[in-house]
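Structure first, commentary second.
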Amino acid sequence: MTSKDERDDPGAEIADAETADRDGTREEPPALSPDLVPEADDDERAESERTGATASTADGPARRGPNPVLLGAGALAAVALVFAAWFGISWARAAGDEDLALDRTRDEVSRVADAAVVTFNTLDHRRVDEGLDRWEAASTGELHDNIRNGRATSKSTIESTKKSTTAKVLKSAVTQLNDRDGTAQVMTALVRETIPEGGETTTDYLRLQSTLLRTDTGWKLTGIDTVPFTPAS
């Protein structure tokens with residue numbers, strides 16, 4: 001039995017505890033029942049979750065997701081680049097197509113003008129009607145009307161001279177071309193031979209300016225005039 005002095009002596013209590021420990025007879029304090037452990041209230045749990053989230057973030061640099069503004073700007077830049085490339089290619093292609101179409105029109109105008117001036121400078125006094133028919137077919141507008149209206153007079157004059165003519169183009173150039181309005185001008189250097197019946201052939205060098213109009217059946221002559229010409233020696 002422990003005396004009052006021993007109970008009041010802390011050293012004695014410690015010695016008794018150590019002795020009991022060595023003897024294996026020390027009693028453990030009774031465990032607390034889970035029902036008796038106080039639970040953290042909602043504010044404490046929220047604070048704990050917030051603190052825990054902050055702590056985990058503080059362990060390393062924060063990871064950021066993609067910036068939607070930058071992604072949008074990048075997408076727009078890519079689209080703009082593609083559009084610019086497409087527009088440049090389309091523009092170059094369209095310009096090339098227009099140039100090609102204009103070249104083809106110029107070639108057609110030159111071909112028609114060359115054939116027409118040869119037709120208008122080729123006649124056989126023995127077959128005047130055939131020649132005048134070709135004149136009408138190659139012309140339009142006022143020129144066509146003049147040929148048709150003066151056909152009888154032209155036929156009589158050609159037959160009375162008893163002369164035939166042939167012509168050949170030396171060189172020609174389209175000097176004006178308006179593809180939208182369908183008008184053109186062509187300068188042609190021409191050599192023409194006149195063959196009188198029973199006489200000697202004479203040669204003339206001519207420079208002609210012809211005007212053309214595009215019709216539903218193709219390009220036609222609307223006028224033809226002689227321009228002074230001096231052949232190269």
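The values are calculated or read from the model by the stated rules, or taken from the named source; none is laboratory data. Predicted, not measured: the structure shown is a model, and the values here were computed from it. Here Cβ is always computed from backbone atoms with ideal geometry, including for glycine, and neighbour counts include all displayed protein chains. For the accessible areas, the whole protein counts, side chains as well, though only heavy atoms, and no ligand, DNA or RNA atoms are used. Shrake-Rupley method; radii C 1.70, N 1.55, O 1.52, S 1.80 Å.
Annotations for the structure displayed:
- Charge dipole (region 127-233, unit charges on Cβ, about Cα centre) - positive-most of Trp135, Ala152, Asn178: Asn178
- In region 103-190, the C-alpha radius of gyration followed by the widest Cα-Cα span (Dmax) gives 14.6, 44 angstrom.
- At most 15 other Cβ within 10 Å, DSSP loop - trypsin sites (Lys or Arg not before Pro), region 132-168: Lys162
- Note on Val169: accessible area is roughly 40 Å² with a 1.4 Å probe, heavy atoms of protein only.
- Per the Debye formula on identical point scatterers at the alpha carbon atoms of region 154-227, with no solvent, log10 I(q)/I(0) at q = 0.19, 0.23, 0.25, 0.27 Å⁻¹ is -0.88, -1.02, -1.08, -1.15.
- Solvent-accessible area per residue, Å², over region 152-233 with all protein chains present [probe radius 1.4 Å]: 64 Å²
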